[in-house]
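Report on one structure; see the data block that follows.
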Amino acid sequence: METQYRRESCFLFFAVALIYSLLGSGWPDTVDATPSFLTAKAIVEHGELGFQADGNTTSEFLVRKGIDGKLYSKLGLIMPLLYVPAVIVEKTLNLFLHYHPDVLGLFLISFCNGLITAALIALIFLFFRRREASFEWAAIIALTMGFATYLFPYARGTSREPMQALCFFGCFSSLLTRPKKSSDLVKSLIAAGAWVSFGVLTKQIFFLPVLPALLLVRWKDLVAKSNRKGFLIALIIPSVSVLTMALYGLHAYGQLFATGYSTMVTHVQSGPWGFPIGEGIRLQLISLKTGFFTYSPLLLLAFPLILWKIYAKTFRTLDFSILLAITLQVLIYAFWWKPLGDSALGPRYLVAIAPLFVLFLLNTPFEKGERLFLGRHHLQLLGKTLMISIAIFSLAVQMINISVKSQQFYTLSLFAKRQPEISQTRTNLILLKHKLLKHDENYQLAEFGLPSSRAFDMSELRSMVGLDFWWAHLWYFHHHGVNPGKELVSPKY
(Lines give C-alpha, C1' and ligand atoms only; values in the text may rest on other atoms or scores of the structure.)
Protein backbone atom coordinates (compact mmCIF):
# COMPACT_ATOMS: atom_id res chain seq x y z
CA MET A 1 0.00 0.00 0.00
CA GLU A 2 2.86 2.37 0.78
CA THR A 3 4.11 2.12 -2.80
CA GLN A 4 0.64 2.96 -4.08
CA TYR A 5 0.33 5.94 -1.71
CA ARG A 6 3.67 7.32 -2.87
CA ARG A 7 2.74 6.87 -6.52
CA GLU A 8 -0.52 8.74 -5.96
CA SER A 9 1.24 11.56 -4.09
CA CYS A 10 3.79 11.91 -6.92
CA PHE A 11 0.96 12.20 -9.42
CA LEU A 12 -0.69 14.88 -7.26
CA PHE A 13 2.61 16.75 -6.94
CA PHE A 14 3.08 17.00 -10.71
CA ALA A 15 -0.57 17.94 -11.28
CA VAL A 16 -0.50 20.74 -8.68
CA ALA A 17 2.95 21.92 -9.84
CA LEU A 18 1.61 22.17 -13.40
CA ILE A 19 -1.38 24.27 -12.30
CA TYR A 20 0.82 26.53 -10.17
CA SER A 21 3.20 26.94 -13.12
CA LEU A 22 0.39 27.89 -15.50
CA LEU A 23 -0.88 30.45 -13.00
CA GLY A 24 2.56 31.79 -12.03
CA SER A 25 3.49 35.46 -12.25
CA GLY A 26 6.86 34.88 -13.94
CA TRP A 27 8.72 37.42 -11.82
CA PRO A 28 9.86 37.69 -8.17
CA ASP A 29 7.24 39.50 -6.13
CA THR A 30 9.67 40.78 -3.51
CA VAL A 31 13.18 42.21 -3.38
CA ASP A 32 13.91 39.63 -0.67
CA ALA A 33 14.53 37.16 -3.50
CA THR A 34 17.38 39.21 -4.94
CA PRO A 35 20.07 38.41 -2.31
CA SER A 36 19.23 34.69 -2.50
CA PHE A 37 19.40 34.77 -6.30
CA LEU A 38 22.73 36.62 -6.28
CA THR A 39 24.09 34.14 -3.72
CA ALA A 40 23.07 31.31 -6.05
CA LYS A 41 24.88 33.07 -8.91
CA ALA A 42 28.00 33.46 -6.77
CA ILE A 43 27.91 29.75 -5.92
CA VAL A 44 27.64 28.75 -9.58
CA GLU A 45 30.08 31.30 -11.00
CA HIS A 46 32.73 31.51 -8.28
CA GLY A 47 31.99 28.81 -5.73
CA GLU A 48 31.47 31.52 -3.11
CA LEU A 49 28.64 32.74 -0.88
CA GLY A 50 29.44 36.45 -1.12
CA PHE A 51 28.72 38.70 -4.09
CA GLN A 52 29.68 42.16 -5.26
CA ALA A 53 27.61 45.23 -4.37
CA ASP A 54 24.76 46.08 -6.69
CA GLY A 55 22.53 49.14 -6.73
CA ASN A 56 19.46 47.09 -5.86
CA THR A 57 21.00 44.95 -3.14
CA THR A 58 22.99 47.25 -0.88
CA SER A 59 20.14 47.76 1.61
CA GLU A 60 21.24 46.43 4.98
CA PHE A 61 17.72 45.20 5.57
CA LEU A 62 18.60 42.39 3.15
CA VAL A 63 22.37 42.02 3.12
CA ARG A 64 25.42 42.97 5.14
CA LYS A 65 28.97 43.62 4.06
CA GLY A 66 31.29 40.81 5.11
CA ILE A 67 34.87 40.90 6.32
CA ASP A 68 36.08 40.37 2.74
CA GLY A 69 34.20 43.42 1.45
CA LYS A 70 31.55 41.36 -0.35
CA LEU A 71 27.85 41.33 0.46
CA TYR A 72 26.27 38.36 2.23
CA SER A 73 22.58 37.54 2.38
CA LYS A 74 20.80 37.54 5.74
CA LEU A 75 18.06 35.31 4.36
CA GLY A 76 19.30 31.78 5.01
CA LEU A 77 20.98 29.20 2.79
CA ILE A 78 18.14 26.98 1.57
CA MET A 79 16.66 29.36 -0.99
CA PRO A 80 20.03 30.12 -2.66
CA LEU A 81 20.67 26.37 -2.94
CA LEU A 82 17.21 25.85 -4.46
CA TYR A 83 17.91 28.64 -6.95
CA VAL A 84 21.18 27.08 -8.15
CA PRO A 85 19.46 24.89 -10.81
CA ALA A 86 17.69 28.00 -12.19
CA VAL A 87 21.03 29.80 -12.52
CA ILE A 88 22.57 26.79 -14.29
CA VAL A 89 19.63 26.55 -16.71
CA GLU A 90 19.80 30.31 -17.35
CA LYS A 91 23.50 30.19 -18.17
CA THR A 92 23.03 27.18 -20.43
CA LEU A 93 20.16 28.76 -22.38
CA ASN A 94 21.96 32.10 -22.66
CA LEU A 95 24.69 30.38 -24.66
CA PHE A 96 22.10 30.34 -27.45
CA LEU A 97 19.54 33.06 -26.60
CA HIS A 98 21.81 35.91 -25.43
CA TYR A 99 19.11 37.40 -23.19
CA HIS A 100 19.66 40.21 -20.72
CA PRO A 101 21.66 38.91 -17.72
CA ASP A 102 19.37 37.59 -14.97
CA VAL A 103 16.08 37.79 -16.94
CA LEU A 104 15.74 34.04 -17.40
CA GLY A 105 17.05 33.28 -13.92
CA LEU A 106 14.57 35.61 -12.23
CA PHE A 107 11.80 34.19 -14.39
CA LEU A 108 12.70 30.62 -13.35
CA ILE A 109 13.03 31.25 -9.62
CA SER A 110 9.52 32.72 -9.57
CA PHE A 111 8.25 29.14 -10.01
CA CYS A 112 10.34 27.69 -7.18
CA ASN A 113 7.72 28.26 -4.46
CA GLY A 114 5.15 26.60 -6.69
CA LEU A 115 7.21 23.41 -6.60
CA ILE A 116 7.71 23.74 -2.84
CA THR A 117 3.99 24.22 -2.20
CA ALA A 118 3.13 21.37 -4.56
CA ALA A 119 5.44 19.18 -2.46
CA LEU A 120 3.58 20.35 0.65
CA ILE A 121 0.21 19.47 -0.89
CA ALA A 122 1.52 16.04 -1.90
CA LEU A 123 2.84 15.50 1.64
CA ILE A 124 -0.54 16.42 3.17
CA PHE A 125 -2.20 13.94 0.80
CA LEU A 126 0.33 11.19 1.64
CA PHE A 127 -0.07 11.83 5.37
CA PHE A 128 -3.85 11.30 5.28
CA ARG A 129 -3.56 8.30 2.95
CA ARG A 130 -1.23 6.68 5.45
CA ARG A 131 -3.89 7.30 8.10
CA GLU A 132 -6.36 5.26 6.01
CA ALA A 133 -8.28 8.12 4.41
CA SER A 134 -9.72 7.31 0.98
CA PHE A 135 -7.99 8.62 -2.13
CA GLU A 136 -10.85 11.04 -2.79
CA TRP A 137 -10.99 12.43 0.74
CA ALA A 138 -7.22 12.82 1.08
CA ALA A 139 -7.16 14.61 -2.29
CA ILE A 140 -10.00 16.93 -1.22
CA ILE A 141 -8.16 17.87 1.98
CA ALA A 142 -4.84 18.46 0.22
CA LEU A 143 -6.22 20.35 -2.78
CA THR A 144 -8.46 22.51 -0.62
CA MET A 145 -5.41 23.53 1.42
CA GLY A 146 -3.46 24.19 -1.76
CA PHE A 147 -6.04 26.32 -3.56
CA ALA A 148 -8.50 27.66 -0.96
CA THR A 149 -5.99 29.13 1.51
CA TYR A 150 -3.41 31.83 0.99
CA LEU A 151 -0.80 29.15 0.44
CA PHE A 152 -1.99 29.58 -3.18
CA PRO A 153 -0.94 33.24 -3.68
CA TYR A 154 2.33 32.63 -1.86
CA ALA A 155 3.06 29.64 -4.11
CA ARG A 156 3.44 32.23 -6.88
CA GLY A 157 5.91 34.40 -4.97
CA THR A 158 9.51 34.20 -3.81
CA SER A 159 9.27 34.60 -0.03
CA ARG A 160 10.64 31.94 2.32
CA GLU A 161 7.37 31.19 4.08
CA PRO A 162 6.22 28.33 1.76
CA MET A 163 9.47 26.50 2.54
CA GLN A 164 8.87 27.08 6.23
CA ALA A 165 5.31 25.78 5.82
CA LEU A 166 6.67 22.60 4.23
CA CYS A 167 9.14 22.18 7.10
CA PHE A 168 6.48 22.81 9.77
CA PHE A 169 4.14 20.20 8.33
CA GLY A 170 7.03 17.82 7.62
CA CYS A 171 8.06 17.95 11.29
CA PHE A 172 4.60 17.19 12.63
CA SER A 173 3.68 14.59 9.99
CA SER A 174 6.92 12.70 10.65
CA LEU A 175 6.21 12.43 14.37
CA LEU A 176 2.54 11.54 13.80
CA THR A 177 3.27 8.65 11.45
CA ARG A 178 2.03 5.48 13.13
CA PRO A 179 5.10 3.27 13.74
CA LYS A 180 4.64 -0.44 13.12
CA LYS A 181 7.89 -1.31 14.91
CA SER A 182 10.49 0.41 17.10
CA SER A 183 12.80 1.14 14.15
CA ASP A 184 9.96 3.06 12.45
CA LEU A 185 9.78 5.39 15.46
CA VAL A 186 13.51 6.09 15.21
CA LYS A 187 13.12 6.82 11.49
CA SER A 188 10.27 9.26 12.19
CA LEU A 189 12.38 11.04 14.80
CA ILE A 190 15.27 11.34 12.37
CA ALA A 191 12.91 12.65 9.67
CA ALA A 192 11.51 15.25 12.08
CA GLY A 193 15.07 16.30 12.93
CA ALA A 194 15.86 16.68 9.24
CA TRP A 195 12.80 18.89 8.71
CA VAL A 196 13.83 21.08 11.64
CA SER A 197 17.30 21.32 10.08
CA PHE A 198 15.87 22.46 6.73
CA GLY A 199 13.68 24.98 8.56
CA VAL A 200 16.64 26.47 10.43
CA LEU A 201 18.64 26.75 7.21
CA THR A 202 15.66 28.58 5.70
CA LYS A 203 15.26 30.97 8.64
CA GLN A 204 17.29 30.62 11.82
CA ILE A 205 14.42 31.55 14.12
CA PHE A 206 12.41 28.54 12.90
CA PHE A 207 13.45 26.37 15.85
CA LEU A 208 11.77 28.66 18.42
CA PRO A 209 8.13 27.87 17.55
CA VAL A 210 8.66 24.31 16.38
CA LEU A 211 10.90 22.59 18.94
CA PRO A 212 8.73 23.08 22.08
CA ALA A 213 5.68 21.84 20.16
CA LEU A 214 7.49 18.79 18.79
CA LEU A 215 8.88 17.85 22.20
CA LEU A 216 5.36 18.07 23.58
CA VAL A 217 4.04 15.72 20.88
CA ARG A 218 6.53 13.00 21.81
CA TRP A 219 7.15 13.69 25.49
CA LYS A 220 6.14 10.14 26.45
CA ASP A 221 8.68 8.69 24.04
CA LEU A 222 11.26 11.15 25.31
CA VAL A 223 11.15 9.73 28.82
CA ALA A 224 11.15 6.11 27.59
CA LYS A 225 14.66 4.64 27.77
CA SER A 226 14.09 2.51 24.64
CA ASN A 227 13.65 5.60 22.45
CA ARG A 228 16.40 7.86 23.77
CA LYS A 229 18.79 6.80 21.00
CA GLY A 230 16.34 8.01 18.36
CA PHE A 231 15.81 11.31 20.19
CA LEU A 232 19.55 11.82 20.49
CA ILE A 233 19.94 11.34 16.73
CA ALA A 234 16.93 13.59 16.06
CA LEU A 235 18.51 16.37 18.11
CA ILE A 236 21.94 15.97 16.51
CA ILE A 237 20.58 16.56 12.98
CA PRO A 238 19.24 20.09 13.70
CA SER A 239 22.50 20.79 15.52
CA VAL A 240 24.28 20.31 12.18
CA SER A 241 22.19 23.11 10.65
CA VAL A 242 22.84 25.36 13.65
CA LEU A 243 26.57 24.68 13.28
CA THR A 244 26.32 25.42 9.54
CA MET A 245 24.73 28.81 10.19
CA ALA A 246 27.32 29.51 12.90
CA LEU A 247 30.14 28.80 10.44
CA TYR A 248 28.38 30.96 7.84
CA GLY A 249 28.43 33.84 10.33
CA LEU A 250 32.12 33.23 11.01
CA HIS A 251 32.97 33.09 7.30
CA ALA A 252 30.89 36.11 6.32
CA TYR A 253 31.09 38.42 9.31
CA GLY A 254 33.98 37.06 11.37
CA GLN A 255 31.75 36.02 14.29
CA LEU A 256 30.13 32.70 15.15
CA PHE A 257 26.33 32.85 14.93
CA ALA A 258 26.38 36.35 13.43
CA THR A 259 23.24 36.76 11.30
CA GLY A 260 23.74 40.31 10.02
CA TYR A 261 20.49 41.48 11.61
CA SER A 262 22.30 43.37 14.38
CA THR A 263 22.94 46.23 11.93
CA MET A 264 19.19 46.81 11.68
CA VAL A 265 19.28 48.53 15.07
CA THR A 266 20.86 51.52 13.37
CA HIS A 267 18.00 51.66 10.83
CA VAL A 268 15.02 50.98 13.14
CA GLN A 269 14.73 53.36 16.07
CA SER A 270 13.16 50.85 18.45
CA GLY A 271 15.28 47.97 17.21
CA PRO A 272 13.97 45.03 15.14
CA TRP A 273 12.14 43.56 18.14
CA GLY A 274 10.29 46.62 19.38
CA PHE A 275 6.75 46.51 17.96
CA PRO A 276 3.89 46.67 20.53
CA ILE A 277 2.99 43.01 20.87
CA GLY A 278 -0.73 43.57 21.44
CA GLU A 279 -1.03 45.61 18.26
CA GLY A 280 1.01 42.99 16.41
CA ILE A 281 -1.42 40.24 17.46
CA ARG A 282 -4.39 42.38 16.44
CA LEU A 283 -2.93 43.06 12.99
CA GLN A 284 -2.06 39.41 12.42
CA LEU A 285 -5.21 37.72 13.68
CA ILE A 286 -8.11 40.00 14.55
CA SER A 287 -8.09 42.86 12.05
CA LEU A 288 -10.62 42.47 9.26
CA LYS A 289 -8.23 44.36 6.99
CA THR A 290 -5.02 42.41 7.60
CA GLY A 291 -5.96 39.39 9.74
CA PHE A 292 -4.99 35.81 8.96
CA PHE A 293 -8.54 34.54 8.51
CA THR A 294 -9.46 37.41 6.19
CA TYR A 295 -7.09 35.86 3.64
CA SER A 296 -7.83 32.21 4.48
CA PRO A 297 -11.51 32.06 5.58
CA LEU A 298 -11.49 28.28 5.16
CA LEU A 299 -9.26 27.87 8.20
CA LEU A 300 -12.02 29.29 10.42
CA LEU A 301 -13.42 25.75 10.32
CA ALA A 302 -10.66 24.80 12.77
CA PHE A 303 -12.58 26.49 15.60
CA PRO A 304 -15.70 24.27 15.50
CA LEU A 305 -13.35 21.27 15.27
CA ILE A 306 -11.52 22.37 18.41
CA LEU A 307 -14.82 23.02 20.24
CA TRP A 308 -16.12 19.62 19.13
CA LYS A 309 -12.99 17.95 20.49
CA ILE A 310 -13.34 19.74 23.83
CA TYR A 311 -17.02 18.76 24.04
CA ALA A 312 -16.28 15.14 23.08
CA LYS A 313 -13.29 15.08 25.48
CA THR A 314 -10.93 14.13 22.64
CA PHE A 315 -8.76 17.26 22.84
CA ARG A 316 -5.32 15.71 23.22
CA THR A 317 -1.68 16.63 23.66
CA LEU A 318 -1.35 16.76 19.86
CA ASP A 319 -3.97 19.49 19.59
CA PHE A 320 -2.32 21.49 22.35
CA SER A 321 1.08 21.15 20.64
CA ILE A 322 -0.38 22.45 17.35
CA LEU A 323 -1.91 25.42 19.17
CA LEU A 324 1.44 25.98 20.90
CA ALA A 325 3.34 26.11 17.58
CA ILE A 326 0.76 28.50 16.09
CA THR A 327 0.77 30.71 19.21
CA LEU A 328 4.57 30.92 19.36
CA GLN A 329 4.77 31.86 15.67
CA VAL A 330 2.17 34.60 16.19
CA LEU A 331 3.88 35.96 19.33
CA ILE A 332 7.37 35.98 17.81
CA TYR A 333 6.35 38.03 14.78
CA ALA A 334 3.86 40.20 16.68
CA PHE A 335 6.95 41.62 18.39
CA TRP A 336 8.89 42.05 15.09
CA TRP A 337 9.12 45.60 13.74
CA LYS A 338 7.07 44.58 10.67
CA PRO A 339 4.55 42.04 12.07
CA LEU A 340 2.81 41.63 8.69
CA GLY A 341 5.97 41.27 6.60
CA ASP A 342 6.49 44.46 4.59
CA SER A 343 4.62 44.78 1.24
CA ALA A 344 2.97 41.40 1.64
CA LEU A 345 -0.48 39.89 1.17
CA GLY A 346 -1.95 39.57 4.65
CA PRO A 347 0.27 38.44 7.54
CA ARG A 348 3.14 36.87 5.58
CA TYR A 349 4.85 35.23 8.53
CA LEU A 350 1.74 33.19 9.38
CA VAL A 351 1.78 31.44 5.99
CA ALA A 352 4.30 29.10 7.62
CA ILE A 353 1.77 27.71 10.11
CA ALA A 354 -1.25 27.57 7.76
CA PRO A 355 -0.86 23.81 6.97
CA LEU A 356 -0.87 22.96 10.70
CA PHE A 357 -4.60 23.76 10.82
CA VAL A 358 -5.32 20.65 8.78
CA LEU A 359 -4.02 18.53 11.68
CA PHE A 360 -7.07 19.47 13.76
CA LEU A 361 -8.94 16.98 11.55
CA LEU A 362 -7.13 14.14 13.32
CA ASN A 363 -9.16 12.05 15.76
CA THR A 364 -12.45 13.39 14.36
CA PRO A 365 -14.93 11.91 11.88
CA PHE A 366 -13.32 14.20 9.29
CA GLU A 367 -9.96 12.44 9.40
CA LYS A 368 -11.05 9.64 7.07
CA GLY A 369 -14.14 11.28 5.62
CA GLU A 370 -16.42 8.74 7.26
CA ARG A 371 -19.70 9.75 8.91
CA LEU A 372 -18.90 13.39 8.32
CA PHE A 373 -22.06 14.76 9.92
CA LEU A 374 -23.76 12.68 12.55
CA GLY A 375 -27.37 13.43 13.37
CA ARG A 376 -30.53 14.17 11.46
CA HIS A 377 -30.62 14.56 7.70
CA HIS A 378 -31.30 18.32 7.67
CA LEU A 379 -28.36 18.94 10.01
CA GLN A 380 -26.11 16.89 7.73
CA LEU A 381 -27.24 18.94 4.74
CA LEU A 382 -26.75 22.21 6.62
CA GLY A 383 -23.25 21.22 7.73
CA LYS A 384 -22.15 20.14 4.25
CA THR A 385 -23.64 23.26 2.67
CA LEU A 386 -21.81 25.48 5.18
CA MET A 387 -18.48 23.75 4.59
CA ILE A 388 -18.76 23.86 0.81
CA SER A 389 -19.84 27.52 0.88
CA ILE A 390 -16.86 28.55 3.02
CA ALA A 391 -14.50 26.57 0.79
CA ILE A 392 -15.87 28.18 -2.38
CA PHE A 393 -15.70 31.65 -0.83
CA SER A 394 -12.13 31.04 0.31
CA LEU A 395 -11.20 29.83 -3.18
CA ALA A 396 -12.72 33.00 -4.66
CA VAL A 397 -10.58 35.11 -2.29
CA GLN A 398 -7.44 33.35 -3.55
CA MET A 399 -8.43 33.74 -7.22
CA ILE A 400 -8.87 37.48 -6.72
CA ASN A 401 -5.51 37.80 -5.00
CA ILE A 402 -3.54 35.79 -7.57
CA SER A 403 -4.98 37.80 -10.46
CA VAL A 404 -3.59 41.17 -9.36
CA LYS A 405 0.04 41.90 -8.60
CA SER A 406 0.30 42.59 -4.87
CA GLN A 407 2.55 45.61 -5.48
CA GLN A 408 -0.44 47.47 -6.96
CA PHE A 409 -1.91 47.81 -3.47
CA TYR A 410 1.30 49.41 -2.22
CA THR A 411 1.67 51.57 -5.34
CA LEU A 412 -1.81 52.88 -4.63
CA SER A 413 -0.86 53.48 -0.98
CA LEU A 414 2.25 55.42 -1.98
CA PHE A 415 0.28 57.58 -4.39
CA ALA A 416 -2.43 58.30 -1.81
CA LYS A 417 0.15 58.63 1.00
CA ARG A 418 -1.96 56.24 3.08
CA GLN A 419 -3.30 52.71 2.78
CA PRO A 420 -6.94 52.07 1.88
CA GLU A 421 -9.10 51.28 4.89
CA ILE A 422 -10.38 48.16 3.14
CA SER A 423 -8.57 44.83 2.93
CA GLN A 424 -6.13 44.05 0.16
CA THR A 425 -8.60 41.47 -1.20
CA ARG A 426 -11.32 44.10 -1.63
CA THR A 427 -8.78 46.49 -3.15
CA ASN A 428 -7.66 43.77 -5.56
CA LEU A 429 -11.29 43.08 -6.49
CA ILE A 430 -11.74 46.74 -7.52
CA LEU A 431 -8.50 46.59 -9.52
CA LEU A 432 -9.59 43.34 -11.14
CA LYS A 433 -12.95 44.82 -12.19
CA HIS A 434 -11.12 47.63 -13.98
CA LYS A 435 -8.85 45.19 -15.78
CA LEU A 436 -11.62 42.83 -16.88
CA LEU A 437 -14.59 45.16 -17.45
CA LYS A 438 -13.10 48.55 -18.28
CA HIS A 439 -9.81 47.33 -19.78
CA ASP A 440 -7.91 50.26 -18.32
CA GLU A 441 -5.59 51.19 -15.46
CA ASN A 442 -7.20 54.55 -14.58
CA TYR A 443 -8.37 54.65 -10.98
CA GLN A 444 -10.12 57.12 -8.71
CA LEU A 445 -8.84 57.10 -5.14
CA ALA A 446 -12.43 57.48 -3.94
CA GLU A 447 -13.14 53.99 -5.33
CA PHE A 448 -10.93 52.59 -2.58
CA GLY A 449 -12.63 54.53 0.21
CA LEU A 450 -9.91 57.17 0.33
CA PRO A 451 -11.00 60.78 1.02
CA SER A 452 -9.68 62.18 -2.24
CA SER A 453 -11.01 63.07 -5.67
CA ARG A 454 -7.61 62.49 -7.30
CA ALA A 455 -7.10 59.94 -10.05
CA PHE A 456 -4.01 58.10 -11.20
CA ASP A 457 -3.01 56.05 -14.21
CA MET A 458 -0.99 52.90 -13.59
CA SER A 459 -0.56 52.03 -17.27
CA GLU A 460 2.89 53.62 -17.38
CA LEU A 461 4.11 51.00 -14.91
CA ARG A 462 4.29 48.25 -17.51
CA SER A 463 4.69 45.33 -15.12
CA MET A 464 1.57 46.45 -13.21
CA VAL A 465 -0.72 46.32 -16.24
CA GLY A 466 -3.20 43.52 -16.79
CA LEU A 467 -3.59 40.22 -14.98
CA ASP A 468 -0.62 38.95 -13.00
CA PHE A 469 0.14 35.79 -14.98
CA TRP A 470 3.37 35.24 -16.91
CA TRP A 471 1.56 34.53 -20.17
CA ALA A 472 -0.54 37.69 -19.77
CA HIS A 473 2.62 39.74 -19.23
CA LEU A 474 4.25 38.18 -22.29
CA TRP A 475 1.19 39.00 -24.41
CA TYR A 476 1.24 42.61 -23.19
CA PHE A 477 4.97 42.98 -23.87
CA HIS A 478 4.57 41.48 -27.35
CA HIS A 479 1.58 43.71 -28.12
CA HIS A 480 3.51 46.84 -27.05
CA GLY A 481 6.84 45.95 -28.61
CA VAL A 482 8.69 45.27 -25.34
CA ASN A 483 11.31 42.50 -25.41
CA PRO A 484 11.57 41.20 -21.81
CA GLY A 485 14.58 39.15 -22.85
CA LYS A 486 16.55 42.30 -23.67
CA GLU A 487 15.59 44.55 -20.76
CA LEU A 488 14.86 43.99 -17.10
CA VAL A 489 11.21 44.85 -16.40
CA SER A 490 10.90 45.19 -12.64
CA PRO A 491 7.56 44.58 -10.93
CA LYS A 492 8.45 46.95 -8.12
CA TYR A 493 7.00 50.43 -7.78
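Annotations for the structure displayed:
- About the Cα centre, charge dipole magnitude for the chain (Lys/Arg +1, Asp/Glu -1 at Cβ), debye: 1560 debye
- Phi-based couplings in Hz for segment 97-107 (Karplus 6.51, -1.76, 1.60; Gly and Pro marked x): 8, 6, 7, 4, x, 5, 4, 5, x, 5, 4
- Accessible area per residue for the chain, computed on protein heavy atoms with a 1.4 Å probe, is 46 Å².
- Two-decimal Rg/Rh across segment 97-212, once Rg and the Kirkwood Rh are taken from alpha-carbon atoms: 1.06
- Note on MET399/GLN52: beta-carbon distance plugged into 1/(1 + (r/R0)^6) with R0 of 45 Å gives a FRET efficiency of 0.65.
- Which of PHE393, LEU211, SER159, positive extreme of dipole for the chain (C-beta unit charges): LEU211
- Virtual spin-label span in nm between PHE456 and LEU331, 7 Å along Cα→Cβ: 3.9 nm
- Annotation: extensible slack from LEU436 through TRP308 equals 41.8 nm (criterion: 0.36 nm per residue apart, minus Cα-Cα distance).
- Per-residue Karplus couplings for segment 400-416, computed as 6.51 cos²θ - 1.76 cosθ + 1.60 with θ equal to phi - 60°, are listed in order as 5, 6, 7, 7, 10, 4, 4, 5, 4, 4, 7, 5, 4, 5, 5, 5, 7 Hz, Gly and Pro entered as x.
- Shape class of segment 1-56 from the alpha-carbon gyration tensor: oblate, with a/c at 1.5 or above and b/c at least as large as a/b.
- Of the solvent-accessible surface of the chain, computed with a 1.4 Å probe over protein heavy atoms with every protein chain present, carbon and sulfur atoms account for 67 percent.
- In nm, spacing of pseudo-spin labels at ILE390 and SER239 (7 Å Cα→C-beta vector): 4.4 nm
- Cα-Cα over 31 Å, subset of LYS203/LYS435; LYS70/LYS91; LYS91/LYS187: LYS203/LYS435; LYS91/LYS187
- Each Lys or Arg adds one and each Asp or Glu takes one away; over the other residues whose Cβ falls under 11 Å from the Cβ of LEU23, this sums to 0.
- For percent of Cα pairs over 38 Å apart, the candidate list reads (1) 41; (2) 21; (3) 27; the entry that matches the value derived from this model is (3).
The values are calculated or read from the model by the stated rules, or taken from the named source; none is laboratory data. Source: prediction; values computed, not measured. Positions of Cβ are backbone-derived with ideal geometry, glycine not excepted, and every protein chain shown enters the neighbour counts. Quick note on the areas: whole protein, heavy atoms, side chains included, nothing else; ligands and nucleic acids left out. Shrake-Rupley method; radii C 1.70, N 1.55, O 1.52, S 1.80 Å.
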